[in-house]
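These notes are about the structure you will find just below.
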Amino acid sequence: MPPPSSAPASSRQASTCARSRASSASSSADAVSDNPLTNPNIAHPAIDDASIGLLVRTFYGRAHEDDVIGPVFAAAVADWDDHIAKITDFWSSVMLRTSRYNGRPMRPHLILPLEGRHFDRWLALFEETARELFAQDVAEAFIIRARRIADSFEMAIGTQRGEMRAPRHSVRPL
């Protein structure tokens, strides 16, 4: 039997409650940090190079033909096979932390005449493709990263143009 505490009962109860809350908060933080949907440093177990390749090829096949973003790609991309390989490496680095992509993804986008509608269409088509190809949790893992990337690119382009832009995409519910 533990020795009786010299602290008043109310102090012991408060201390026990505080430890319980701290333990609960720690468990919640651990659960969030171990979740590949909320922690970009953890790869989703169902995502591999094959699924990334499928998504990239399917999405860019559609994007190439799209009325809104197709003309932007047509003007900017000379070699589609090279572009697909580069983007596949980019997404492998994003989703699997492979570090296969070592380029500067922002740089080529800064010189393009991109507007909010281009980002909106890119994301709509990307999300549609991901949801068609994968189970909900896998699609959402891709979509969360895509929304963050779109926000980052859109804000950087706005900054270069002297405009202040707030994130629009990553704050939307899935």
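Descriptive notes on the structure:
- Of the residues Leu112, Val138, Ala150, the one whose Cα sits farthest toward the positive end of the charge dipole of the stretch 98-153, with +1 on the Cβ of Lys and Arg and -1 on the Cβ of Asp and Glu, is Leu112.
- Summing Lys and Arg as +1 and Asp and Glu as -1 over all other residues whose Cβ lies under 14 Å from the Cβ of Tyr60 gives a net charge of -3.
- Karplus-derived 3J(HN,Hα) values for the stretch 64-73, using 6.51 cos²θ - 1.76 cosθ + 1.60 with θ = phi - 60°, are 4, 8, 6, 5, 8, 9, x, x, 5, 5 Hz; glycine and proline are entered as x.
- Taking only Cα atoms of the stretch 70-143, radius of gyration then Dmax in Å: 13.5, 36
Values quoted throughout were computed directly from the atomic coordinates according to the rules given, and no laboratory measurement underlies them. Quick caveat: nothing in here was measured; it's all calculated off a predicted structure. When we count neighbours, we look across all protein chains shown, and the Cβ atoms used for this are built from the backbone with ideal geometry, even at glycine.
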